[in-house]
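A short write-up of the structure that comes next.
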Amino acid sequence: MNLIKRGIDILLSLVSIIILSPLLLALAIAVKLDSKGPALFKQGRLTKNGKVFTMYKFRTMVENAEHMGTGLFNYANDFRVTRVGKFLRKTSLD
């Protein structure tokens, strides 16, 4: 049963990526046009078991934002958040 579920998960993920790829490409282009730096941001996150995995998100802040202002913390109307970044955060597309 787990093998069937795994196969369905992979198939649905593949179909979703194919269907959403035009939107993802448009978002990546918007991020690149709005500010310097890469379109994607990667960060290590901990799982509930304490393992680290790499998470990829669309970049919503200016490049090297962690070295500016409040560092890793952000606040309302943070100057480091780009125009496209505000939209991505508001719509949860980041």
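What number of residues within the stretch 18-56 are in contact with a Leu (Cβ under 7 Å, 6 or more places away or on another chain), open to solvent by 50 Å² or more (accessible area, probe 1.4 Å) and closer than 22 Å to Phe87 by Cβ? Give the derivation first.
Step one: of the stretch 18-56, the residues in contact with a Leu (Cβ under 7 Å, 6 or more places away or on another chain) are 27, 52, 56.
Pick out the ones that are also open to solvent by 50 Å² or more (accessible area, probe 1.4 Å) and you get 52, 56.
From what is left, the residues that are closer than 22 Å to Phe87 by Cβ are 56.
Matching residues across the stretch 18-56 total 1.
Arg80 fails exactly one of the following numbered conditions: (1) open to solvent by 100 Å² or more (accessible area, probe 1.4 Å); (2) at pLDDT below 90. What is the number of that condition?
(1) is the only condition that Arg80 fails.
Mind telling me which of the residues Asp9, Asp78 ends up being outside any helix (DSSP H, G or I), without any contact (Cβ under 8 Å) to a residue 60 or more places away in the chain and among the acidic types (Asp, Glu)?
Working: Asp9 fails: outside any helix (DSSP H, G or I).
Going through Asp9, Asp78 in turn, the sole match is Asp78.
Considering only residues that are farther than 19 Å from Leu88 by Cβ and not aliphatic (A, V, I, L, M), look in the stretch 37-53 and name the one that is nearest to the chain's Cα centre (by Cα). Don't jump to the end; show me each part of the working.
Of all residues in the stretch 37-53, those farther than 19 Å from Leu88 by Cβ come to 44, 46-53.
Going one step further and asking which of them are not aliphatic (A, V, I, L, M), we end up with 44, 47-51, 53.
Numbers: Gly44: 12, Thr47: 17, Lys48: 20, Asn49: 22, Gly50: 21, Lys51: 20, Phe53: 14 Å.
So, considering only residues that are farther than 19 Å from Leu88 by Cβ and not aliphatic (A, V, I, L, M), the one nearest to the chain's Cα centre (by Cα) is Gly44.
Looking at this structure, is Lys48 under 16 Å from Val62 (Cβ atoms) and not in a helix (DSSP H, G or I)?
no
The values are calculated or read from the model by the stated rules, or taken from the named source; none is laboratory data. None of these values were measured; they are calculated from a predicted model. Don't worry about glycine lacking a Cβ; one is built from the backbone with ideal geometry, like all the others, and counts go over all protein chains shown. Just the protein is used for accessible areas: all its heavy atoms, side chains included, with ligands, DNA and RNA removed. Shrake-Rupley method; radii C 1.70, N 1.55, O 1.52, S 1.80 Å.
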